[in-house]
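Chemist: The following block contains the structure, expressed as structure tokens.
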Amino acid sequence: MGRGDLTDEQRAALEPLLPKGAKAGRPPVWPRRQLIDGIRFRVRTGVPWRDIPAEYGPWSCRAYDLFGRRQRNVTRQRILTRLQSLAHAKGAIVWDLNVDSMVRRAHQHTASARSHGDLQKEPPGGVHEEPGDHGLGRSRGGFTTNPHLAVEQGQKPMAIVVTAGQRGDSPQFEPVLKKVRVPRIGPGPATPPPQPGPLC
């Protein structure tokens, strides 16, 4: 087991949130746990897909494929929402939020990206509200994107808004806070964060 791989306890918490396979038959050559660990390795380290270690399975037809399918069918968002609900039920969310952003230079291959995303063979994955500019714009650093993230004091991500790199930080403060919603386990509405007080 690698340093960042799922523990048995984490795996047990994640298992009920994953979709069940529709096909019966032979068990897969690469267990889902290994593929998920491969996806987590890639996201944690930032390596290209082809540089995922071989013990996580072939990158092209296994880990990458599973990652894309889970984004397109909104599984990742459902898992995050459920884990936030469980953390809130245990009192593990500290409702003091920090909102920050960082302009990130886009990869060189985005310069040739389609201007009309609807013409792609495969739609962008995991995007609920795709911005018209796809979160890419021109700023002093070139072709950039600007993720605005709300994080609670225990370093759990609560909401994200992605804008083009030339967009300002301050106007995104309220949209990021409005996206923070943690459904309660049991009856009752989603729990919004406390409203921000005066800034000065």
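Chemist: Of all the helices (runs of 4 or more DSSP H) wholly in the range 1-108, which have at least 1 residues that are within 30 Å of Arg167 (Cα to Cα), modelled with pLDDT of 75 or more and not charged (D, E, K, R)?
Modeler: 32-45, 64-72, 75-89
Chemist: What pairs come out if I take residues in the range 49-60 that are under 16 Å from Asp5 (Cα atoms) and pair them with residues that are assigned to a loop (DSSP other than H, G, I, E, B) whose C-beta lies under 7 Å away, six or more apart or interchain?
Modeler: That search, which allows pairs on different chains as well, returns Gly57/Trp30.
Chemist: How many residues does the range 139-156 hold that are touching a residue at least 40 places away in the same chain (Cβ under 8 Å) and open to solvent by 20 Å² or more (accessible area, probe 1.4 Å)?
Modeler: The number of residues fulfilling the criteria is 7.
Chemist: Moving to a separate point now. Scanning the range 164-176 for residues that are free of Cβ contacts under 8 Å to residues at least 40 places away in the same chain and not small (Gly, Ala, Ser), which turns out surrounded by the fewest Cβ atoms within 10 Å (Cβ to Cβ)?
Modeler: Restricting to residues being free of Cβ contacts under 8 Å to residues at least 40 places away in the same chain and not small (Gly, Ala, Ser), the top hit is Pro171.
The values are calculated or read from the model by the stated rules, or taken from the named source; none is laboratory data. Being a predicted model, the structure only gives us computed values, none of them experimental. All Cβ positions, glycine included, derive from the backbone under ideal geometry; neighbour counts span all protein chains shown. These area figures cover heavy atoms from the full protein model, side chains too; ligands, DNA and RNA do not enter into them. Shrake-Rupley method; radii C 1.70, N 1.55, O 1.52, S 1.80 Å.
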